[in-house]
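What follows is a single structure, written as structure tokens, with notes after it.
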Amino acid sequence: MTTSEQPAPTSTDATRDFLTAIDVERQRLSIPGAIVHVSSPTVGSWTHALGVADVRATTPLAVDSRMRAGSVTKVVVGTMVLQLVDSGELDLDHDVRAIMPDLSVPPGVTVRHLLAMTSGLPDYTSDAFIEALWDAPDRVWSPEELLDTTRGEPQHFAPGTSWEYCNSGYIVLGLIIEHLTGRTATEVARDLVFEPLGMLDSDIAPPDRPAVALQSAPVRGYHPRDGQLADATHINMSWAWTAGSLVSTAADLARLVEAVAAGELLSDAAQRERLDTMAVPGASIRYGLGIADFDGLWGHNGSLPGFQSFAGYAPASGTTIVAMTNVDDSAADNLAAFIRTRLAAKDSAHRP
């Protein structure tokens, strides 16, 4: 087992056995590298890195490695938008066209619809779009270009009448944040979320970041393609922007989900709005405003070529689970589910 770790208050045989079981599962799932953070009354709090950052160099993954977190970005964006609501600069039920008339958004789509993924907007991240990234990995996408890829496509449903995962809506939210603040989403995220929460190793990549800055990343990200692991690190992250370009660490993601579930940074009224969820069709989760309820674990997951992440906090039990992997294909989701099952078994064993 290749592992690095953060000093933790628990170093018992039970903890080591738990970690060994996680690593066995990681290898069974063919995950090159994973960083896991677990905090619960039963097993204490610890963060470990398992496996490698680079399959060719066999470089061990470090516990404080920064990795792409994908759609966990939406928790950050949702928090920024709700802070603008708290400050009176925005209303959840504002029509998007009234805020930015030049955007190609149909009438009747509100800020709330974008956050809750009930807008009915066509999503730009189709399978064909993601596959095309491999053919032009250096391309730098502007937010407007991303939205233009769906121009002319019909609404999938009338706003507020159904639910569908939609990255396009979060690109629109990024443009609204920049329009209202006169600053970049990168700067607003740093000042309103990352610095107040002490997330000093996190940032949302600006859409014009050169591809070369991403190609030199020490942690390589892999995608199962044509029967082998293809390195996806060189794909420029401008295509994801405020829908998924967050770069972070496991420790920072743990801090994020614990804070948002507890209502830090927001008024009580805004927090109630955020946690007002609806069922996701065909799934066991519920979705609020930029946050998901995974049966009591509040947070988000994220997937993009090369990386996958899951971060959730359960206020009822005081349990936090974060998994970050340098391969996509639901790797972190599966590892987090394994950890949650093992924790549930341990919790059950400790009950009188």
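The values are calculated or read from the model by the stated rules, or taken from the named source; none is laboratory data. Fair warning: this is a prediction, and the values are worked out from it, not measured in the lab. Every residue, glycine among them, receives a Cβ derived from its backbone with ideal geometry; neighbour counts consider all protein chains shown. The area values use the complete protein model at the heavy-atom level, side chains included, leaving out ligands, DNA and RNA. Shrake-Rupley method; radii C 1.70, N 1.55, O 1.52, S 1.80 Å.
Pairs under 9 Å by beta carbon, first residue modelled with pLDDT under 90 in segment 11-35, partner part of a helix (DSSP H, G or I), six or more apart or different chains?
A14/K346
Go through (1) under 30 Å from A217 (Cα atoms); (2) outside any helix (DSSP H, G or I); (3) modelled with pLDDT of 95 or more; (4) open to solvent by 10 Å² or more (accessible area, probe 1.4 Å) one by one and return the number of the condition D329 breaks.
(3)
For segment 145-194, how many residues are open to solvent by 60 Å² or more (accessible area, probe 1.4 Å) and in a helix (DSSP H, G or I)?
Looking only at that region, the number is 5.
If I filter segment 52-84 down to residues being among the hydrophobic types (A, V, I, L, M, F, W, C) and more than 22 Å from the chain's Cα centre (by Cα), which single residue comes out as farthest from S330 (Cα to Cα)?
The residue in question is A57.
Restricting the search to segment 263-277, which residues are open to solvent by 70 Å² or more (accessible area, probe 1.4 Å) and either touching a Gly at 6+ places or on another chain (Cβ under 8 Å) or among the polar types (S, T, N, Q) (or both)?
If the condition is that a residue be open to solvent by 70 Å² or more (accessible area, probe 1.4 Å) and either touching a Gly at 6+ places or on another chain (Cβ under 8 Å) or among the polar types (S, T, N, Q) (or both), then D276 is the only one that fits.
Answer yes or no: is there a residue in segment 284-294 that is within 11 Å of the chain's Cα centre (by Cα) and in contact (Cβ under 8 Å) with a residue 40 or more places away in the chain. Step through it out loud before you land on a result.
Going through segment 284-294, the residues within 11 Å of the chain's Cα centre (by Cα) turn out to be 290-292.
Restricting the remaining residues to those that are in contact (Cβ under 8 Å) with a residue 40 or more places away in the chain gives 290-291.
Taking every residue of segment 284-294 in turn, at least one turns out to be within 11 Å of the chain's Cα centre (by Cα) and in contact (Cβ under 8 Å) with a residue 40 or more places away in the chain.
When you go through T233, T249, T184, T242 one by one, which is the residue that is β-branched (V, I, T), within 26 Å of A62 (Cα to Cα) and modelled with pLDDT of 95 or more?
Working: T233 fails: modelled with pLDDT of 95 or more; T184 fails: within 26 Å of A62 (Cα to Cα); T242 fails: within 26 Å of A62 (Cα to Cα).
Unique residue meeting the criteria: T249.
Going by the structure shown, is L197 buried (at least 19 other Cβ atoms within 10 Å of the Cβ), touching a helix residue (DSSP H, G or I) at 6+ places or on another chain (Cβ under 6 Å) and in contact (Cβ under 8 Å) with a residue 60 or more places away in the chain? So that I can check it myself, show each step before the final result.
Working: buried (at least 19 other Cβ atoms within 10 Å of the Cβ): yes; touching a helix residue (DSSP H, G or I) at 6+ places or on another chain (Cβ under 6 Å): yes; in contact (Cβ under 8 Å) with a residue 60 or more places away in the chain: yes.
Criteria met by L197.
Could you list, ordered by first residue, the pairs with Cβ atoms under 7 Å in which the first is in segment 113-133 and within 17 Å of G70 (Cβ to Cβ) and the second is surrounded by fewer than 23 Cβ atoms within 10 Å (Cβ to Cβ) and among the charged types (D, E, K, R), at least 6 apart or interchain?
Close Cβ pairs (under 7 Å, with a partner that is surrounded by fewer than 23 Cβ atoms within 10 Å (Cβ to Cβ) and among the charged types (D, E, K, R)) amount to M117/E164.
Can you tell me which of S126, S142 is of a type in the set (S, T, Y) and under 22 Å from T181 (Cβ atoms)? It would help to see each step written out before you state the result.
Values: S126 fails: under 22 Å from T181 (Cβ atoms).
Within the list S126, S142, the selection yields S142.
Out of (1) assigned to a loop (DSSP other than H, G, I, E, B); (2) crowded, with 24+ Cβ neighbours inside 10 Å, what's the single condition that is false for A336?
The single condition A336 does not satisfy is (1).
Just give me the residues in segment 48-78 being within 30 Å of L92 (Cα to Cα) and among the β-branched types (V, I, T), in sequence order. Spell out how you get there, then give the answer.
Pass one, segment 48-78, residues within 30 Å of L92 (Cα to Cα): 68-78.
Correct list: V72, T73, V75, V76, V77.
Among the residues of segment 278-296, count how many are touching a strand residue (DSSP E or B) at 6+ places or on another chain (Cβ under 6 Å), small (G, A, S) and either open to solvent by 60 Å² or more (accessible area, probe 1.4 Å) or assigned to a loop (DSSP other than H, G, I, E, B) (or both).
So the answer is 1.
Among the residues of segment 250-264, is there at least one that is in contact with a His (Cβ under 6 Å, 6 or more places away or on another chain), without any contact (Cβ under 8 Å) to a residue 60 or more places away in the chain and among the small types (G, A, S)?
Taking segment 250-264 as the starting set, the residues that turn out to be in contact with a His (Cβ under 6 Å, 6 or more places away or on another chain) are 250, 254.
Filter again for without any contact (Cβ under 8 Å) to a residue 60 or more places away in the chain, leaving none.
So far as segment 250-264 goes, no, none of its residues is in contact with a His (Cβ under 6 Å, 6 or more places away or on another chain), without any contact (Cβ under 8 Å) to a residue 60 or more places away in the chain and among the small types (G, A, S).
Return only the number of the condition from (1) out of contact with any strand residue (DSSP E or B) (no Cβ under 6 Å at 6 or more places or on another chain); (2) more than 24 Å from I130 (Cα to Cα) that W239 does not satisfy.
All conditions are met except number (2).
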